[in-house]
Amino acid sequence: MRVFASDQHRLHHAPELHLGRLELSTECPQRAEQIREALEQYGHQFAAPDALDHDLLGRVHAADYLEFLATAWTRWCDAVSADAPAMGIFWPAGQRDALRPDNIVGQLGYYSLGADCSIVAGTWLAASASAALAQSAADFVVAEQKPAYALCRPPGHHASASQFGGYCYLNNSALAAQRLRDSGYARVAIIDLDYHHGNGTQSIFFARDDVLCVSIHADPRDEFPWFWGHASERGDGAGHGYNLNLPLPTGAGAEQVQAALGSAIGALQRAGCEALVIALGVDTYVDDPLGTFTLTTDDYRHLATPLAALALPTVIVQEGGYAVGPIGDNVAAFLSPFDA
Ligand code: Q9C
Ligand code: ZN
């Protein structure tokens with residue numbers, strides 16, 4: 001399979017507030033390095049991304065948020081310190097239409113959903129390179145009518161139009177879906193297989209009927225992102241019926257995930273989707289340090305089989321997955337049915 005990858009991700013490894021302590025994030029550069037090494041060994045064909053299309057970025061993210069992300073680190077250094085990561089500490093809790101503060105400390109709360117990630121010197125460059133991979137993979141799929149994989153890091157599915165969080169800054173999967181839409185596919189599906197609910201993707205497309213969002217994830221009553229991902233969230237206005245959440249209980253195994261995937265594929269077919277983005281998190285793996293699901297490496301091949309059989313134009317975008325040792329084998333197992 002064609003794999004889009006970049007070294008720019010190495011510029012980003014940021015601290016996170018984890019259960020009351022500031023620690024270097026679980027979302028580490030070794031994740032992408034392991035995936036790259038494994039996919040090289042399995043003989044996948046690597047390609048470099050094209051330049052990021054800022055018009056595309058602007059169709060998914062708010063202009064003021066993009067300006068904030070691009071300048072946050074320098075503003076933080078000027079106002080606070082270059083020795084500490086830029087992160088939120090106050091949020092407009094419960095206030096729906098809070099006015100945006102002018103100060104960088106206030107804006108970090110305004111533009112984020114939590115303190116589980118932060119901004120460091122290389123964050124914007126790494127996030128924009130990651131977005132370029134998703135865009136380039138979508139362009140490849142359109143041009144060649146073959147599937148492609150974007151080795152995105154940092155991940156994207158928790159980032160909304162104007163908020164970062166959950167290790168995500170730019171929503172790579174949403175950008176790939178928007179690119180497919182702009183290339184002429186009338187309706188695109190995003191199937192999100194990450195252990196965590198894809199709240200950012202859901203929010204970006206919630207009022208739209210041209211992008212069907214389906215997410216299979218741990219029940220938000222027990223897991224991050226806590227406040228999104230319930231089955232009752234079905235979309236707004238014209239988008240009603242085009243958002244589908246399939247939460248699973250803590251400890252769910254391959255059979256439960258496979259059954260939910262059957263429902264996801266049914267929804268995709270009923271909606272008449274012409275192209276597919278798979279938000280591939282492998283934090284559903286049995287030994288994942290953040291997850292509780294029990295999938296094995298073989299299960300990823302079985303999960304991908306009915307998705308590959310759809311034979312739709314398909315972009316696979318890397319999201320989470322924190323068991324660094326086996327992460328490459330898990331991704332390779334998922335990709336294998338698409339090469340058959
Ligand atoms: N210190 C993705 O999988 N933080 N994001 C959990 C652990 C939230 C996961 C706290 C997990 C975010 C893309
Ligand atoms: Zn995740």
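Taken together, the values in this text are just the output of simple stated rules run on the coordinates, not laboratory data. As the structure is a prediction and not an experimental result, all values here were calculated from the model. A quick note on method: Cβ atoms are made from the backbone with ideal geometry, for glycine too, and the neighbour counts reach across all protein chains shown.
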Checking 31, 75, 59 in turn, the sole residue that is within 16 Å of ligand 1 (Cβ to nearest atom), surrounded by 12 or more Cβ atoms within 10 Å (Cβ to Cβ) and in a helix (DSSP H, G or I) turns out to be 31
Note on the range 179-204: residues away from ligand 2 (no atom under 16 Å from the Cβ) and closer than 23 Å to residue 334 by Cβ are 179, 180, 185, 188, 189
Pairs returned, first residue in the range 327-340 that is closer than 12 Å to residue 307 by Cβ and in contact (Cβ under 8 Å) with a residue 12 or more places away in the chain, second residue that is of a type in the set (Val, Ile, Thr) and part of a helix (DSSP H, G or I), beta-carbon separation under 8 angstrom, 6 or more apart or interchain, are 337/305
By residue number, the members of the range 283-311 that are free of Cβ contacts under 8 Å to residues at least 40 places away in the same chain and either out of contact with any Ser or Thr (no Cβ under 8 Å at 6 or more places or on another chain) or within 16 Å of ligand 2 (Cβ to nearest atom) (or both) are 286, 287, 297, 298, 300, 305, 309, 311
Per the list (1) buried (at least 19 other Cβ atoms within 10 Å of the Cβ); (2) within 16 Å of ligand 1 (Cβ to nearest atom), residue check on residue 222 breaks on (1)
Checked the range 314-325 for anything surrounded by fewer than 23 Cβ atoms within 10 Å (Cβ to Cβ) and either at positive phi or of a type outside the set (Ser, Thr, Tyr) (or both); matches are 323, 324, 325
Among the residues of the range 200-222, the number that are free of Cβ contacts under 8 Å to residues at least 40 places away in the same chain and β-branched (Val, Ile, Thr) is 1
(1) within 16 Å of ligand 1 (Cβ to nearest atom); (2) within 30 Å of residue 19 (Cα to Cα) all hold for residue 277 apart from (2)
Hey, any hits in the range 232-240 for a residue that's in contact (Cβ under 8 Å) with a residue 60 or more places away in the chain and either more than 16 Å from ligand 1 (Cβ to nearest atom) or not in a helix (DSSP H, G or I) (or both)? no
Tell me yes or no: at least one residue of the range 38-47 is loosely packed, with under 13 Cβ neighbours inside 10 Å and more than 28 Å from residue 282 (Cα to Cα). no
Log entry, pairs with first residue in the range 178-193 being part of a strand (DSSP E or B), second being charged (D, E, K, R), beta carbons closer than 6 Å, six or more apart or on different chains, reads 188/181
Picking from 138, 207, the residue that is within 18 Å of residue 61 (Cβ to Cβ) and part of a helix (DSSP H, G or I) would be 138
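Residues to consider are 100, 153; find the one that is in contact (Cβ under 8 Å) with a residue 12 or more places away in the chain, of a type in the set (Lys, Arg) and either assigned to a helix (DSSP H, G or I) or over 22 Å from residue 190 (Cα atoms) (or both). Show your work before the answer.
Working: 153 fails: either assigned to a helix (DSSP H, G or I) or over 22 Å from residue 190 (Cα atoms) (or both).
Only one candidate passes the filter, namely 100.
This table checks each residue for (1) among the polar types (S, T, N, Q); (2) surrounded by fewer than 22 Cβ atoms within 10 Å (Cβ to Cβ); (3) in contact with a Leu (Cβ under 7 Å, 6 or more places away or on another chain).
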| site | (1), (2), (3) |
| --- | --- |
| 270 | no, yes, no |
| 278 | no, no, yes |
| 305 | yes, yes, no |
| 327 | no, no, no |
Across (1) within 22 Å of the chain's Cα centre (by Cα); (2) part of a helix (DSSP H, G or I); (3) surrounded by fewer than 19 Cβ atoms within 10 Å (Cβ to Cβ), residue 9 clears everything bar (3)
**Asked** Does residue 225 satisfy being in contact (Cβ under 8 Å) with a residue 60 or more places away in the chain, part of a loop (DSSP other than H, G, I, E, B) and within 16 Å of ligand 2 (Cβ to nearest atom)?
**Response** yes
